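J.: Here you go, one structure.
The values are calculated or read from the model by the stated rules, or taken from the named source; none is laboratory data. These figures come from a predicted structure and were not determined experimentally. When we count neighbours, we look across all protein chains shown, and the Cβ atoms used for this are built from the backbone with ideal geometry, even at glycine.
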Amino acid sequence: MAIDKTKVDALMFDMDGTLWNAMDSYAEVWNQAFAEYGQTVKITGDDLLDGMGKTLEQILDMICERFGATYPGDGFLQRVDEIEDVLLPRMGGVLYADVKEGLAKLSQRYPIFLVSNCGVNGLVNFMEYTGLRQFVTDYLTYGMTKLSKADNMLMLKHRHQLQNPVYVGDTQGDCNETHRAGMKFVFCNYGFGTCADYDMQVDCFKEIIDYFL
């Protein structure tokens, strides 16, 4: 392994593709928003896979380009956030195997942080639906700060006076941002993306638990 676990003092996690799969719920959020803006765009969870790890602005650009949607203009992404706040606590997603039990165990040894490119309340909705809030020390999203993942990682690192946190994610973008922040990256190859230059790779969440504990 390329990560010396004896030096790790915190674990930071991506959400989508790393801890759970909520793609069908996200697709419903986007479809409702487009319908409210008078468009007939209908996407599926699979259609959003290439957008995972990206900001809402980047996902919107991708949808408009691929599905011929008209760029809906000001207020649309705020409406996406509002619809998500209604639907996600009800529809939720599916946690990957061993995530809930694993975070409970890991949190006894390491402070646990969440960093995602989702909207303002994306991580709050996730934690409330899954019951994982009790295991999370702190969290940041792109919607909260309008900063990149690297900047949000560094903000948490400085805020909590961490020395060697590790980030766990599932895309090349996650890896790039982690390395830009000067941190080590654990690649979850069961997620939504690929990665060429990870520091450590796992095939399932249980491998994270076994290695760091």
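J.: So is residue 123 in a loop (DSSP other than H, G, I, E, B), aliphatic (A, V, I, L, M) and within 26 Å of residue 47 (Cα to Cα) or not? Talk me through it step by step, then tell me what you get.
T.: Numbers: in a loop (DSSP other than H, G, I, E, B): no; aliphatic (A, V, I, L, M): yes; within 26 Å of residue 47 (Cα to Cα): yes.
Against the criterion (in a loop (DSSP other than H, G, I, E, B), aliphatic (A, V, I, L, M) and within 26 Å of residue 47 (Cα to Cα)), residue 123 does not qualify.
J.: When you go through (1) buried (at least 17 other Cβ atoms within 10 Å of the Cβ); (2) more than 19 Å from the chain's Cα centre (by Cα) one by one for residue 22, which number turns out not to apply?
T.: Tallying (1) buried (at least 17 other Cβ atoms within 10 Å of the Cβ); (2) more than 19 Å from the chain's Cα centre (by Cα), residue 22 fails exactly one: (2).
J.: While we're here: Could you tell me how many of the residues in region 64-78 are touching a Leu at 6+ places or on another chain (Cβ under 8 Å) and part of a helix (DSSP H, G or I)?
T.: Matching residues across region 64-78 total 2.
J.: Could I ask something else about it? Could you tell me which of the residues 37, 71 is outside the structural domain of residue 187 (by TED's automatic domain parsing), touching a Pro at 6+ places or on another chain (Cβ under 8 Å) and surrounded by fewer than 18 Cβ atoms within 10 Å (Cβ to Cβ)?
T.: Just one listed residue meets the conditions, 37.
J.: Of all residues in region 174-211, how many are surrounded by fewer than 19 Cβ atoms within 10 Å (Cβ to Cβ) and either in contact with a Pro (Cβ under 7 Å, 6 or more places away or on another chain) or part of a helix (DSSP H, G or I) (or both)?
T.: Number satisfying all stated conditions: 8.
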